[in-house]
Amino acid sequence: MLVDTPPGTSDEHLSVNSFLRESGIDGAVVVTTPQEVSLLDVRKELDFCRKAGIRVLGLAENMSGFVCPNCKNESQIFKASTGGGRALAGEMGIPFLGAVPLDPRIRMACDYGESFFDSFPDSPACKAFQGVVRNLAKQLGLDTKNILPEQ
């Protein structure tokens with residue numbers, strides 16, 4: 001189950017933590033963006049997870065770049081001044097699961113109810129998502145061949 005919560009450590013986090021503790025969870029994947037304000041919020045979230053006894057399975061970075069819908073090249077739009085999610089994961093001693101660039105075609109596929117993975121398999125964002133999933137599967141001790149097909 002994926003639970004998308006607002007940044008920080010609000011009442012939503014406490015409620016979700018309480019509910020999921022009773023249900024049994026494998027852990028949390030924390031998502032950041034390269035901007036410093038996001039990294040500050042994520043530090044608080046990681047501290048919350050540790051205090052609440054939630055295993056942090058890893059950190060993923062969203063909007064790590066931008067995939068041009070015309071030329072399909074990736075460029076940096078939110079250049080991380082302190083190393084972004086990868087540096088934070090290293091500093092906090094947690095696995096870095098990967099960096100996913102922003103691709104406007106994700107929204108387009110969602111708007112039309114289509115699979116982004118099927119529609120744009122060569123997108124850098126698609127490949128990055130698959131990398132995050134494979135890295136997460138490894139953290140959980142799952143056979144990655146059963147999760148996603150090899151490319």
So if I check each of A109, A128, A89, A99, which one is farther than 20 Å from V30 by Cα and among the small types (G, A, S)?
A109
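Results for (1) among the β-branched types (V, I, T); (2) more than 26 Å from G141 (Cβ to Cβ), shown as yes or no for each residue.
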| position | (1), (2) |
| --- | --- |
| V16 | yes, no |
| D41 | no, yes |
| F48 | no, no |
| P69 | no, yes |
| E74 | no, yes |
| K79 | no, yes |
Considering only residues that are in contact with a Leu (Cβ under 6 Å, 6 or more places away or on another chain) and either under 23 Å from I77 (Cβ atoms) or not in a helix (DSSP H, G or I) (or both), which ones fall in the stretch 121-151?
Q130, V132
Take the residues in the stretch 55-71 that are out of contact with any Pro (no Cβ under 8 Å at 6 or more places or on another chain) and touching a residue at least 40 places away in the same chain (Cβ under 8 Å); name whichever of them is surrounded by the fewest Cβ atoms within 10 Å (Cβ to Cβ).
N62
Taking the stretch 94-133 only, how many residues are over 22 Å from P34 (Cβ atoms) and surrounded by 14 or more Cβ atoms within 10 Å (Cβ to Cβ)?
5
Looking only at the stretch 1-39, how many residues end up being part of a helix (DSSP H, G or I), small (G, A, S) and over 24 Å from V100 (Cβ atoms)?
3
Residue list for the stretch 35-75, restricted to those being modelled with pLDDT under 90 and among the polar types (S, T, N, Q)
Q35, S38, S64, N70, N73, S75
Just checking, does the stretch 40-53 include any residue being part of a strand (DSSP E or B), within 14 Å of the chain's Cα centre (by Cα) and surrounded by 13 or more Cβ atoms within 10 Å (Cβ to Cβ)?
no
I'd like to verify a number: residues in the stretch 1-54 that are in contact with a strand residue (DSSP E or B) (Cβ under 7 Å, 6 or more places away or on another chain), of a type in the set (D, E, K, R) and without any contact (Cβ under 8 Å) to a residue 60 or more places away in the chain, how many?
1
I need the full set of residues from the stretch 90-120 which are in a loop (DSSP other than H, G, I, E, B) and either small (G, A, S) or touching a residue at least 12 places away in the same chain (Cβ under 8 Å) (or both), in order please.
G93, I94, P95, D103, G113, S115, F120
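The values are calculated or read from the model by the stated rules, or taken from the named source; none is laboratory data. Keep in mind the model is a prediction, meaning the values are calculated, not measured. No Cβ is skipped: glycine too gets one built from the backbone with ideal geometry, and neighbour counts run over all protein chains shown.
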